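Participant: I have a structure I would like to understand better, so I am pasting it below and will then ask my questions one at a time.
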Amino acid sequence: MNVAAIFMFIDEARIYVKAGDGGNGCLAFRREKFVPHGGPSGGNGGRGGDVIFVASIHYNTLLHFRFNPEHKGERGRHGEGSNRTGHDGASTEVPVPVGTVVFDDSTGELVHDFATAGDRFTIARGGRGGRGNACFATSTHQAPTEHEPGHPGEERRLRLELKLLADVGLVGFPNAGKSTLIARISAARPKIADYPFTTLQPNLGVVQAGDGRSYVVADIPGLIEGAHLGHGLGIHFLRHVERTRLLVHLVDMSETAGRDPVEDFEVIMRELASFSPAMAAKPMLLVAAKMDVAQDAERVEALAQLAAARGLEFFRLSSVTGLGVEALKYRMGEICLTPREAEPDAAPTSTPEAPAAD
Ligand SMILES: Nc1nc2c(ncn2[C@@H]2O[C@H](COP(=O)(O)OP(=O)(O)OP(=O)(O)O)[C@@H](O)[C@H]2O)c(=O)[nH]1
Ligand SMILES: [Mg+2]
């Protein structure tokens, strides 16, 4: 599969990093009772902290850099008298999603490609501490007054690039409300209209999970019966969601659609299966869409029962009133932001409270 040709959506961030400056060297002499000629005793400055990028499986996009475009290492402390060296500044670790490629923004030069989880790279080096005057003492130069200022930490402007892979795929009949949902939960602004086949090309949207992390949702064209035979827009664009963690299946509940939700569900499942058995077996959330205009409670109930029978989580949604949007968004995030190579100790530290699903 030619991944590059499929996922052309590139996330980008421009950021500034500055490693900590080194602390200044100190100018001091020992002054003690009964020691007439105390020697030089100015300590060296501490080293400035580095800025280190670490490839993390807890991040799927570069969105967190948009809110936080500057990262700095701590400065080293100055040296002190009595030959005390200043403390080194703390380094700053910045998580980047696996797959992030970092370029120097002024030269365009490739700095590092974070290909594997846990990959660490020092992006900006902290400055060395300046030497205190004690360092300059020699047998012929016993009372040196030389001492150095700390060396500045490296600073750079960087451009980060990440090819986005969709974490969630929205599937369903044309007009089911897929584009409306992605517009509601992300900054994507796809065309929305009250007729089938409005979406001709997939749209990707970055959704904020609320804890600074985010995931990617793909809105793809609608499927119809016989799509695998080329009806409608066909099923070839399902390849855009082939590598997602999760499918969110929207079923139109509006009366005007005049459709049978259970039948709609089965049709889409058959089309997914004809694309590939793996596609039909993907984890799926079943969504009763357009609940604000669903008048027949029985039809909703029939779909809810189908979901229960198939062991699928069921959501009642209205992208117009906002009903169920947060609950769905939260659940999608919970599934997508669980690292694929989930190990107990790889769990993220912040897990927000789950809102009650309605
Ligand atoms: N009342 C109501 N209308 C909705 C809701 N969601 C979407 N719609 C309307 O349904 C129509 C189709 O919405 P789209 O988001 O374009 O549907 P789609 O699934 O992307 O359709 P295709 O791109 O053709 O596959 C539009 O007129 C929307 O305004 C909803 O929750 N409630
Ligand atoms: Mg659409």
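Participant: DSSP beta bridges in region 207-328, what fraction antiparallel, as a percent rounded to 5?
Facilitator: About 15 percent, rounded to the nearest 5.
Participant: Springs between alpha-carbon pairs under 10 angstrom, Gaussian network model over the chain: which of Ala218, Ala55, Ala281 fluctuates most?
Facilitator: Among Ala218, Ala55, Ala281, the largest GNM mean-square fluctuation belongs to Ala281.
Participant: Using 1/(1 + (r/R0)^6) with R0 = 56 angstrom and r between the beta carbons of Arg14 and Phe34, what's the FRET efficiency to the nearest 0.05?
Facilitator: According to the calculation, E is roughly 0.35.
Participant: What percent do you get for the relative contact order of the chain when only Cα pairs under 8 Å and 6+ apart count?
Facilitator: 16 percent
Participant: Provide the FRET efficiency to the nearest 0.05 for the Thr140-Ser82 pair, computing r from the beta carbons and using R0 = 35 Å.
Facilitator: The calculated FRET efficiency here is 0.90.
Participant: Of the candidates Lys191, Lys18, Lys33, which one comes out as most mobile in a Gaussian network treatment of the chain with C-alpha springs shorter than 10 Å?
Facilitator: Largest GNM mean-square fluctuation: Lys33.
Participant: At most 10 other Cβ atoms within 10 Å plus a DSSP loop assignment makes a site exposed; report the longest stretch of the chain without any exposed GluC sites (Glu not before Pro).
Facilitator: The longest uninterrupted stretch comes out as 110-340.
Participant: Can you spot the aspartates and glutamates whose alpha carbon is less than 12 Å from Lys191's alpha carbon? Ignore those fewer than 8 places along the same chain.
Facilitator: Asp219
Participant: Once you've got the GNM for the chain with C-alpha springs shorter than 10 Å, pick whichever of Gly210, Gly258, Gly43 has the biggest mean-square fluctuation.
Facilitator: Top of the fluctuation ranking is Gly258.
Participant: How about Lys72: which lysines have a C-alpha closer than 18 Å to its C-alpha, ignoring those fewer than 8 places off in the same chain?
Facilitator: Answer for Lys72, where 18 Å is the Cα cut-off: Lys18, listed by chain and number.
Participant: Given labels modelled 7 Å from the Cα in the Cβ direction, how far is it in nm from Glu70 to Ala308?
Facilitator: Here the modelled spin labels are 5.6 nm apart.
Participant: Suppose we keep just the DSSP beta bridges with both residues in the chain; what percent of those would be antiparallel, to 5?
Facilitator: Once the DSSP bridges in the chain are tallied, antiparallel ones form about 55 percent.
Participant: Would you please calculate the Kirkwood hydrodynamic radius of the chain over all C-alpha pairs and express it in Å, rounded to one decimal?
Facilitator: So the Kirkwood estimate lands at 23.8 Å.
Participant: Right, here's the next one. Do any of Lys163/Lys282; Lys178/Lys329; Lys178/Lys290 go past 18 Å between their Cα atoms, and which?
Facilitator: Lys163/Lys282
Here, each number is a calculation from the coordinates, and none is a lab measurement. Bear in mind the structure is a predicted one, so any value in this text is a computation, not a measurement. FYI the Cβ positions are ideal-geometry reconstructions off the backbone, even for glycines, and counts take in every protein chain you see.
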